[in-house]
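All remarks here apply to the structure that follows.
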Amino acid sequence: MDIDKDIKNMPKIKKKGEKSTIVTIFKVAAVLLLFAIQVVVMLLLYSTWKGIYNYSRIVFDIVKVITILYLLYRHDSAAYKISWILFIMFFPVVGVIAYILWGNSKLKRKRKDEINKVQIETKDMLKDSDSILNELEPHKANLVNYANKITGYPIYKNEGVEFFEIGEKFFDSLKKDIVNAKRYILIEFFIFSKGKLWDEIFDILKKKSAEGVRVEIIFDSLGSLFKMPKDYKEQLDNAGIKYYKFNPFTIFINGYINYRDHRKIIAIDGKVAYTGGVNLADEYANIIERFGHWKDGGIKVIGKATWSFVLMFLRQKEQITKQKVDYLWYEVESKSNIKSGYVLPFCDGPDNRKSPTENIYIQTINTATKYVYITTPYFIPSEVLLNSILNAARAGIDVRVITPHIPDKKLVQVATRSYYDVILEAGVKVYEYKPGFIHTKSIVSDDNTAIVGSANLDFRSMHLNFECNAWIYNTGEEIAIKEDFINMTKNKCIEIDLEKWKSRPITQKWMEAIISAFSPML
């Protein structure tokens, strides 16, 4: 295996072993606790009050049936419903309580109404895509028209796009643009973590704030939990940096655990914006090693298209603070420097039940004529998205998928691998990134279309998280994304062979079957 020198010589300042995310730990601990309580209570009732025990069983059977009927009534994906129904059938008490705590995938009406209100009030700050649709091929125009109507975000003529195939290059470029900021810097990440990268960027932000540049930060309260410096509030306050915490801890566990701000947005002066898979933590730039070499990607957008990212940030800010934002202050006039191609930034969240990210992925796959290359850390697609991938491969489209060889969460890798059989049999080529963990989220097809952003190919990204992406067409950077994919498959990946995969141990097959049944819940 030919591994680049930068991987071989990667500085190992600090190495951490594998561990699940806080969400996974919380869920597993909660389930075990509830299960233990269930067993203890049932045993006590059975040994002491058999009559009450029999009545309690009847009550729980009734509650179980009601919960399952409610699940069937909900407009969730079939796989999500089946996962919860199985869980409730096998663990009735634990299952019902767990579903009440974090099973509801629908955003509360009050929160949804608040989001819709902000979007309606700021709708006029975004143009529509009608003026550009005539310039596109019919099938691309249909996709753009759909995206514009469902998300509200328009397409722009390209004024500059740059793809970064690795986190180090992403942050090197970002730091240079932050240094050159004149008016404002908006930063939104799922994870802010103390370390060398935080120190470097924070030093720049302090200087820019002292120069009079407005600096504002949004971070996810759970994603950044226990990761930020202990005195981060004092540091940010002293530096004059405004910060907003998304979804602070609440006793209403459902809302706290389920709905996360997974977006990655950096917008500078309304002229430059970044998005991708990275977070502000050392592992994303391979300053420390976690799960081998960390391969991540991102994209830089220049020009008027950055306004969509600015608006995504400001809408989120208004939701968090419940205070009106002076949107016009952030608008910056700039001269157009039109290049070849088009850019469509868009975002998604549990408030939008039309699942725009998933459907834009599906339409991109369905309209491919030559190839579709997918890079994702988690491959747990819905039935509809999976069928789109299978049908493309069966129709003779060159479909390839890269997933990590070294996982950050083993259960999720087991769930991912449970799909290998069916996609390999359909003709999809599957690769695992051997040096470590690949966190890039990208789709590229036909040398002219690509999507790069924060959304994974799993239920959480498609239905529960707040996500953002950039769809690009004919900008030229699609070729760079393709070449990075091809380079990985040739030099840094293990190709999964169907016949060898079929001969894997029976215990592994059973584990995949069991975990896959609950994969939408992961």
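We did not get these values from a lab; they are worked out from the coordinates using the rules stated. These figures come from a predicted structure and were not determined experimentally. For neighbour counting, all protein chains shown are included, and Cβ atoms are generated from backbone atoms with ideal geometry for every residue, glycine included.
Just rank H439, H139, fewest to most, by other beta-carbon atoms within 10 angstrom.
Details: H439 25, H139 12.
Exposure proxy ranking, most exposed first: H139, H439.
Say R0 is 25 Å: what FRET efficiency, to the nearest 0.05, do E483 and K175 get from their beta-carbon distance?
On the way: r = 25 Å, r/R0 = 1.00.
Given R0 = 25 Å and the Cβ-Cβ separation, E is 0.50.
Quick check on the exposure proxy: order W501, W84, W294 from fewest to most C-beta atoms within 10 angstrom. List each step's numbers first, then the result.
Values: W501 15, W84 25, W294 29.
Listed from fewest to most nearby Cβ atoms, that is W501, W84, W294.
Could you tally the net charge around S454, taking each other residue with its Cβ under 15 Å from the Cβ of S454, Lys/Arg +1 and Asp/Glu -1? Mind dumping the intermediate values first?
Working: positive: R260, R263, K264, K300, K441, R460; negative: E188, D220, D261, D296, D348, E358, D458, E467.
Summing Lys and Arg as +1 and Asp and Glu as -1 gives -2.
Taking the simple approach of a point 7 Å from Cα along Cα-to-Cβ for both L69 and E331, what is their distance in nm?
Inter-label distance under the simple model: 5.3 nm.
Which ³J(HN,Hα) values in Hz, rounded to whole numbers, follow from the phi angles of region 438-447 under the Karplus curve 6.51 cos²θ - 1.76 cosθ + 1.60, where θ = phi - 60° and Gly and Pro get x?
Each residue of region 438-447 in turn: 9, 10, 4, 10, 8, 9, 9, 9, 6, 6 Hz.
Could you list which residues have their amide H under 5 Å from that of Y243, counting only those 5 or more apart in sequence or on another chain, with H placed in the peptide plane?
For Y243, whose amide H was placed from the backbone, the distant partners under 5 Å are I217.
Measure out, as a whole number of angstrom, how far apart the alpha-carbon centroids of region 187-210 and region 278-312 sit.
About 13 Å separates the Cα centre of region 187-210 from the one of region 278-312.
Pop a pseudo-label 7 angstrom from the Cα along the beta-carbon direction at both E383 and E137 and give the gap in nm to one decimal.
Simple spin-label model gives 3.2 nm for this pair.
Within a 10 angstrom radius of the beta carbon, how do E289, E200 rank from fewest other beta carbons to most? If you can, show how the numbers build up before the last one.
Numbers: E289 18, E200 14.
Least to most surrounded, the residues fall as E200, E289.
What ranking, highest mean first, results for peptides 308-320, 201-213, 259-271, 416-428 when packing means the other Cβ atoms within 10 Å averaged over each residue? Walk me through the numbers on the way to the answer.
On the way: 308-320: 22.5, 201-213: 15.8, 259-271: 24.7, 416-428: 19.5.
The packing order, highest mean first, is 259-271, 308-320, 416-428, 201-213.
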